[in-house]
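Written below as structure tokens is the structure these notes are about.
The values are calculated or read from the model by the stated rules, or taken from the named source; none is laboratory data. Note that the structure is predicted; figures quoted are calculated from it, not measured. All Cβ positions, glycine included, derive from the backbone under ideal geometry; neighbour counts span all protein chains shown.
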Amino acid sequence: MSLWDRLTGEFIDVIEWTTDDADTMVYRFERHGNEIKYGAKLTVREGQAAVFINEGQLADVFPPGMYMLETNNMPMMTTLNSWSHGFNSPFKAEIYFVSTKRFVDMKWGTKNPVMIRDPEFGPTRLRAFGTYGIRVSDPAMFMREIVGTDSQFDSDEIEGQMRNIIVSRFSTAAASSGIPVLDLAANYDQLGEFVENKIAPEMAEYGLELTKLLVENVSLPPEVEKAMDKRTQMGVLGDLNKYTQFQAAESMRAAAENGGDGGGLAGAGMGAGIGMALGNAMGNAMGGVGHASAGGGAVPPPLPTAKWHVALGGAATGPHNDSTVQAMASDGRMDRSTLVWCDGMTGWTKAGEIDDLRALFPSTPPPLPT
């Protein structure tokens, strides 16, 4: 040991910790040989606590303030060293400064998706992330349980353990809450408070306090999100038939403008074809019949509807449309007593008793009187 080291150790009697490092939670004050001069000034600023370690044993904890290191304000150190009143030689002790401020904007998130049973989507997976804040509430316990002999303890050294605890409790809360995935965004605050209350006792065992926990986002797998986007898009579009007609009209208008720019017969022909197509589209939308089609022919009538079931030879046949039933009545395959049925009827009924079919069987006049 050089003479300068000895002189430095003898004359430095101010013990304090000032740093711009926002991530340091615990800092060990370095003194040569850990010798502290009796009567030295200890300055503990707001947001700090000073912990004295004597021969590996926690001796005293000093809250914010300025202290003269003497036997009257160091009862534990005095007891450990059996100092008598007036003892004024240097003593050996390790001094750790513990930051008691809040450490905020610490990140947490799920490494793997959390499996839940959603009432709307069924079994699904989700991810979540957010931020949280902590502070040292019990410096002595924090030193015993977490720091140990680390000369400089940073927040990132405990961030991994904190993240594991938060993710585990969040997974349990999300899986047991029964809240639909689509409603989770409206319950972020409640989820954060629930997880915060569940973790608080565990944090106290480390001498820490969880000041705030925020759930910033809960996301679904990409394929589920794409399906939800499609569903949302359909809801925004509304009536798909009207949207299709609108898109067709816009395409025709754009094609007419592009064709008109070229001029000549080609542009005129294109414009005429587009006009006819627009006319047909409007006619179909208005329910018109007999309008000219794009090919010049008449619009075909609607196809006949097959609705009649006819009992022939002890077996049900059909369904038949009105034209087929009329032909069957004409050629004698069915008569008034033939059983028929269609949608809406309670049971099989004789054809002659049905208003829509009675006209197919003309009444037979009685014989002339003799």
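Which residue pairs have Cβ atoms closer than 7 Å, lie 6 or more positions apart in sequence or on different chains, and pair a first residue in region 202-221 that is at positive phi with a second residue that is surrounded by 20 or more Cβ atoms within 10 Å (Cβ to Cβ) and among the aliphatic types (A, V, I, L, M)? Every condition considered, the pairs that remain are GLY207/VAL136. Set side by side, the residues GLY178, GLY160, GLY262, GLY207 differ, and just one is in the same structural domain as ARG127 (by TED's automatic domain parsing), modelled with pLDDT under 85 and over 14 Å from the mean Cα position of the chain (by Cα), which is GLY178.
Among the numbered conditions (1) in contact with a helix residue (DSSP H, G or I) (Cβ under 8 Å, 6 or more places away or on another chain); (2) surrounded by fewer than 16 Cβ atoms within 10 Å (Cβ to Cβ); (3) outside any helix (DSSP H, G or I), the only one that ALA255 does not meet is (3). Here VAL61 does not qualify as in contact with a Phe, Trp or Tyr (Cβ under 7 Å, 6 or more places away or on another chain) and modelled with pLDDT of 70 or more.
Is it fair to say GLY133 is surrounded by 15 or more Cβ atoms within 10 Å (Cβ to Cβ), touching a Ser or Thr at 6+ places or on another chain (Cβ under 9 Å) and not assigned by TED's automatic domain parsing to the domain that holds GLU46? When the stated conditions are applied, GLY133 passes them.
Among the residues examined, VAL167 does not qualify as at pLDDT below 85, surrounded by 15 or more Cβ atoms within 10 Å (Cβ to Cβ) and on the phi < 0 side of the Ramachandran plot.
Could you tell me whether PHE103 is modelled with pLDDT of 90 or more, within 43 Å of the chain's Cα centre (by Cα) and under 30 Å from VAL195 (Cβ atoms)?
Yes: the conditions hold for PHE103.
In summary, ASP138 fulfils each of the numbered conditions (1) of a type in the set (Asp, Glu); (2) crowded, with 16+ Cβ neighbours inside 10 Å; (3) under 24 Å from the mean Cα position of the chain (by Cα) with the single exception of condition (3).
Only residues that are under 60 Å from the mean Cα position of the chain (by Cα) and in contact (Cβ under 8 Å) with a residue 12 or more places away in the chain were counted in region 326-355, giving 5. Restricting attention to region 25-42 and to residues that are at pLDDT 75 or above and surrounded by fewer than 17 Cβ atoms within 10 Å (Cβ to Cβ), the residue that is farthest from SER137 (Cα to Cα) turns out to be GLY39.
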